[in-house]
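Below is one structure; the comments refer to it alone.
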Amino acid sequence: MKISREAFMFSLLRLGTPVVTRAFVASTPLSRRAFAAITSTSMVSSSATEASSGAATALADNPFLEQDDLPKFSKIEPEYLTPAVETLLEKLEQDFAKLESDLSQKDSPDYEEVLPEVERMQFPLGYTWGVAGHLNGVKNGDELRQAYETNQPKVVQAMTKFSQSKPLYDALSAIEKQWEETKSSEDDFEMQQKRRAVENSLLGMKLGGVGLEGAEKERFNEIKMRLAALATTFSNNVLDTTKDFSLTIDDPAKMEGVPDSAKGLWANAHTQFLKSQAKEGDEDVPEMDAEKGPWRITLDMPSYIPAMSHLKDRELREQVYKAYLQRSSEIHGDKNNVPLIYEILTLRKEMAKLLGFNNYAELSLAKKMAPSVESVEELTDLIAEKAVPAAKKELEEITALAKEQGGEEYANIDKLEPWDVTFWSERLKESKFDMTEEELRPYFALPAVLDGMFGLLNRIFDVTVKSADGEVEVWNKDVRFFKIFDNESGKHIASFFLDPYSRPADKRGGAWMDVCIGKSQAVNRDIPVAYLTCNGSPPVGDQPSLMTFREVETLFHETGHGLQHMLTKASVGDVAGINGIEWDAVELPSQFMENWCYDRPTVYGFAKHWKTGEPLPEEKFQKLCDQKIFNAGMMSCRQLYFGQLDMTLHADYDPVAGEKGEGKSIFDVQREVASKYVPHAMPLEEDRFLCSFSHIFAGGYSAGYYSYKWAEVMSADAFGAFEDVGLDNEEEVKKVGKKFKDTVLSLGGGVPPSEVFKMFRGRDPTPDALLRHNGLA
């Protein structure tokens, strides 16, 4: 997610490899905030500790340099970041200069002397920068933000030296040439990993400017530095303008029809805000009253979605909708992202030209599965052919209901306003299925959902997840820690942190998975650790977190990402877990996991009333399954629209002319693309969605947002393998689950994803299952 803006530059620059970002927003896979993948290994081992012993000695009390275990979150303060980075950079530059000198004197370098050595060398800085980036996303503050922005250019410069090192490139080229002469179809998995690591590194270095000289190289590096700074500023602007808005409602009449959960959330937000503003010793803050208010609505997803779904007052919905849609736009003064977007697009285009590409989209696709811009558009149009007519019918049905039940206010309208659609869509869903989201929440208490999800992992992947709360330090009291054990051997094989709740004051929106520790033989790390971050509904009073069904799906989604990181059998750091996987395949395991939210044994493993323990009534489960394709056409069109808008801006658009007013503006392009993919829901003139489209302007999805649909084709087809054997056939489901684990979840980037899919499914993917799952077949 979304992923990460914060720790992302280290991954972005490590031999030119791309940043990993994942992000999703509550009702669609559009994001959340997004996710930062650090380097392939983000934890120091005994070997790495030796490599950085000078740094540790110089700054023995600096928690960023305590790298022999999980991060010491309780001790970490922003003031420690700069001395840690400077110390590590000094050591890194010395070590790399020696490596380059050694490589320059060798005609036939050995693999073990090159990539593993580079990995060990970069490791301490990767650890420090990764922890800083993670905290910048989940515990953001002015001091940490300033420290991060101060050190980012130093890290960019240091890592650029690796991606543009001629001795390193020549050594890797020589290794690849040696291997080509002995290449065999019988290569074992270890050799496959090494080949892919070298291949990916060479490609990354080419795209990182290793072939540039003189003024071109200097300009390329200037662009890299500037793009890194722009991405951080873009992200900060979105966070700040999201936090800046609030709407306080005092009139209980405005709460008519609003679910108790939303009223409780908003009333609690108001009380917490008053407490945050109160002076020390002031005890006059009134207790929260969900029925009488006041209620404070904000733009974080758990607050925004209920407002758009349940507030009857159109003017209030309009106010909240426009505030959300115009975040970090022209109305926000120095937090305006419009000029940043033009500059980002201009610099990306210039960077692509320097590397010999016609545009940035071509550069982006050079490291993805999709062969061309045209192939992406072909898949988009194939799905749109089915989705657009379906979406038009869905909106017509929603509009008809509004005209029928909305009274005089809606009686004579031809078209619903954007802030009406979610509200009346929710009413249509309730009338069609005779069930509200509020009725389901009591059955989706987070502790029970976790237990049920862990039961699924035990059932299909033969692993056991155990709570390990209190064994490690965390950055917030709500964060939990878990360990994963292999059932056959009983061995502890992975761990993960879970940060489940929204914290608008200092945590970015959305949901994402990030790397804490990567598996790597080079630095002797065999137990990968992940961060799973969501922004779900927090507990209110003595009531646990009662999740919406979409929040349940989001948790399963992020866990899918985490599983590919944690269950990897790859041991070469550059291709272990999520590393080295083409970007348009990374969403396969995450979107695959969402399908299990409609599987009966899985759902009944957690769907129990939080007070009574009664299971979810059978008729509600059936309605839940029936709802899966509700508004599927509109949701598909929305994703296609985002993907094609992203691709168009990075392929055909002239941002210089657009900014000068001599050509189409970015918003003209937005409306042009919308007219093809969402003609039923054209954006308003004041629509500034692009100003908060962090996926493509501050994350890893630039000219890559289409990856959601590309990977969804594979994920739906993969789940189809379970459907083929019968989801109620427990033995066969376990067999297919083992095969999925041994291929998709185990091989990481050590094998090309197209080959991995064939190993699992026995053939290339087809879109048939996706269209069927979405009711568009």
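The values are calculated or read from the model by the stated rules, or taken from the named source; none is laboratory data. Keep in mind it's a predicted model, so treat the numbers as computed, not measured. All Cβ positions, glycine included, derive from the backbone under ideal geometry; neighbour counts span all protein chains shown. The area values use the complete protein model at the heavy-atom level, side chains included, leaving out ligands, DNA and RNA. Shrake-Rupley method; radii C 1.70, N 1.55, O 1.52, S 1.80 Å.
Can you run down the residue pairs with Cβ atoms below 6 Å, 6 or more apart or on separate chains, where the first is in the range 749-769 and closer than 16 Å to Phe592 by Cα and part of a helix (DSSP H, G or I) and the partner is open to solvent by less than 70 Å² (accessible area, probe 1.4 Å) and of a type in the set (D, E, K, R)?
Pro753/Glu582; Ala769/Asp717
Those residues that are out of contact with any Ser or Thr (no Cβ under 6 Å at 6 or more places or on another chain) and surrounded by 13 or more Cβ atoms within 10 Å (Cβ to Cβ), I need them from the range 56-76; list them, please. Before you say what the answer is, go through the steps one by one.
Going residue by residue through the range 56-76, those that are out of contact with any Ser or Thr (no Cβ under 6 Å at 6 or more places or on another chain) are 56-57, 60-63, 65-67, 69-76.
Once the filter is applied, which keeps residues that are out of contact with any Ser or Thr (no Cβ under 6 Å at 6 or more places or on another chain) and surrounded by 13 or more Cβ atoms within 10 Å (Cβ to Cβ), the range 56-76 yields Ala56, Asn62, Pro63, Leu65, Glu66, Gln67, Leu70, Pro71, Lys72, Phe73, Lys75, Ile76.
Of the residues Asp469, Asp451, which is open to solvent by 50 Å² or more (accessible area, probe 1.4 Å), part of a helix (DSSP H, G or I) and either touching a Phe, Trp or Tyr at 6+ places or on another chain (Cβ under 8 Å) or on the phi > 0 side of the Ramachandran plot (or both)?
On the way: Asp469 fails: part of a helix (DSSP H, G or I).
Answer to the check: Asp451.
Return a yes/no flag: does the range 230-237 have any residue that is open to solvent by 10 Å² or more (accessible area, probe 1.4 Å) and modelled with pLDDT of 95 or more.
Scanning the range 230-237 turns up at least one residue that is open to solvent by 10 Å² or more (accessible area, probe 1.4 Å) and modelled with pLDDT of 95 or more.
Can you say whether Leu382 is touching an Asp or Glu at 6+ places or on another chain (Cβ under 6 Å) and open to solvent by 30 Å² or more (accessible area, probe 1.4 Å), as far as the supplied structure shows?
no
Before we move on, is Leu395 hydrophobic (A, V, I, L, M, F, W, C), open to solvent by 20 Å² or more (accessible area, probe 1.4 Å) and part of a helix (DSSP H, G or I)?
Judged against the criteria, Leu395 is a match.
Just for the range 202-226: of the residues that are aliphatic (A, V, I, L, M) and open to solvent by less than 30 Å² (accessible area, probe 1.4 Å), which one is farthest from the chain's Cα centre (by Cα)? So that I can check it myself, show each step before the final result.
We begin by selecting, within the range 202-226, every residue aliphatic (A, V, I, L, M); these are 202-203, 205, 207, 210, 212, 215, 223, 225.
Next cut, open to solvent by less than 30 Å² (accessible area, probe 1.4 Å) only: 202, 205, 207, 210, 212, 223.
Working: Leu202: 26, Met205: 25, Leu207: 23, Val210: 29, Leu212: 32, Ile223: 25 Å.
Checked the range 202-226; the qualifying residue farthest from the chain's Cα centre (by Cα) is Leu212.
All but one of (1) surrounded by 15 or more Cβ atoms within 10 Å (Cβ to Cβ); (2) in contact with an Asp or Glu (Cβ under 8 Å, 6 or more places away or on another chain) hold for Ser246; which doesn't?
Unmet condition: (2).
Can you name every residue in the range 728-770 that is crowded, with 19+ Cβ neighbours inside 10 Å and more than 22 Å from Asn200 (Cα to Cα)?
Answer for the range 728-770, where residues must be crowded, with 19+ Cβ neighbours inside 10 Å and more than 22 Å from Asn200 (Cα to Cα): Val733, Val736, Gly737, Phe740, Lys741, Phe760, Arg761, Pro765, Pro767, Ala769, Leu770.
Taking the condition of being under 23 Å from Phe549 (Cα atoms), polar (S, T, N, Q) and in a loop (DSSP other than H, G, I, E, B), how many residues in the range 402-448 meet it?
Selection size over the range 402-448: 1.
Is it true that Met635 is modelled with pLDDT of 95 or more, part of a helix (DSSP H, G or I) and in contact with a strand residue (DSSP E or B) (Cβ under 8 Å, 6 or more places away or on another chain)?
Working: modelled with pLDDT of 95 or more: yes; part of a helix (DSSP H, G or I): yes; in contact with a strand residue (DSSP E or B) (Cβ under 8 Å, 6 or more places away or on another chain): yes.
The answer is yes for Met635.
Of the residues Glu374, Glu426, which single one is out of contact with any Gly (no Cβ under 7 Å at 6 or more places or on another chain), open to solvent by 60 Å² or more (accessible area, probe 1.4 Å), modelled with pLDDT of 95 or more and not small (Gly, Ala, Ser)? If you could, list the steps in order and put the result at the bottom.
Values: Glu426 fails: open to solvent by 60 Å² or more (accessible area, probe 1.4 Å).
The unique qualifying residue is Glu374.
Just wondering, is there one or more residues in the range 511-520 that are at pLDDT below 95, buried (at least 24 other Cβ atoms within 10 Å of the Cβ), out of contact with any Leu (no Cβ under 7 Å at 6 or more places or on another chain) and closer than 30 Å to Gln277 by Cα?
yes
Looking only at the range 529-558, count every residue that is assigned to a loop (DSSP other than H, G, I, E, B) and either surrounded by 21 or more Cβ atoms within 10 Å (Cβ to Cβ) or touching a strand residue (DSSP E or B) at 6+ places or on another chain (Cβ under 6 Å) (or both) and tell me the total.
Here the count works out to 6.
If a residue has to be in a loop (DSSP other than H, G, I, E, B), open to solvent by 20 Å² or more (accessible area, probe 1.4 Å) and touching a helix residue (DSSP H, G or I) at 6+ places or on another chain (Cβ under 9 Å) to count, how many in the range 482-510 make the cut? Quick ask: steps written out before the conclusion?
The initial filter retains those residues of the range 482-510 that are in a loop (DSSP other than H, G, I, E, B), namely 487-491, 502-510.
Right, trim to open to solvent by 20 Å² or more (accessible area, probe 1.4 Å) and you get 487-491, 503-506, 509.
The next check asks that each one be touching a helix residue (DSSP H, G or I) at 6+ places or on another chain (Cβ under 9 Å); those that pass are 487, 503-506, 509.
Total meeting the criteria: 6.
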